[in-house]
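Asks: Sharing a structure here in structure tokens format.
No lab work stands behind these numbers, since they all come straight from the coordinates. Note that this is a predicted model, so its numbers are computed, not measured. Positions of Cβ are backbone-derived with ideal geometry, glycine not excepted, and every protein chain shown enters the neighbour counts.
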Amino acid sequence: MKLNLSRTNAAVTLFVAAIFFIVANIAADYLLKREDKPLPQLSADQINLNFLSSLKNLGIKESWVKSKTANRNKKNDSLKYNYKVEIPADLPIAVVLSEINEMFDEGNEKQNWDKLENLVKKQNAKHKFWKEPKY
């Protein structure tokens, strides 16, 4: 089957298709609004406490924390303090960052991941991405 389209007809067809997809995208955004729940916000004092306790968990002494200065722009920033921390050579930076990250993962633990896990299981059943481990 041979289609006999001139350049003008092809350009008009592509233009109409583009307009259709733009309208469909806008309609889908309007009709399928998601309500994302924001993560709980931590106060500056809680951030400070979590950071210092993660350093303490790693065995970093208070004398290794070089300076604690107040942030100058307190009104526009939730972060009130800046630290310079001496880390021993035998303690990898990745371990320090992992420990600090774990102290702030409380928000991720409180989220409901059931919908996402069900979607992954459904898609895996359809497309066979991986096999479930058998214990």
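Asks: For a quick protection proxy, order the peptides 45-52, 89-96, 27-34 by their average other-Cβ count within 10 Å, most packed first.
Replies: Output ranking for 45-52, 89-96, 27-34: 45-52, 89-96, 27-34.
Asks: Let me ask something else about it. For a quick check: with amide H placed at 1.01 Å from N, whose amide H comes under 5 Å from Tyr81's, ignoring anything fewer than 5 positions away on the same chain?
Replies: Under 5 Å from the amide H of Tyr81 lie the amide H atoms of Asn71, each far enough along the sequence or on another chain.
Asks: Given H placed on each backbone N at 1.01 Å, which residues far from Val65 in sequence or on other chains put an amide H within less than 5 Å of it?
Replies: Close amide H contacts, sequence-distant or interchain: Glu86.
Asks: Let me ask something else about it. Val95 to Leu31: extension gain in nm, 0.36 nm per residue of separation minus the Cα-Cα distance?
Replies: Length gained, Val95 through Leu31: 18.6 nm.
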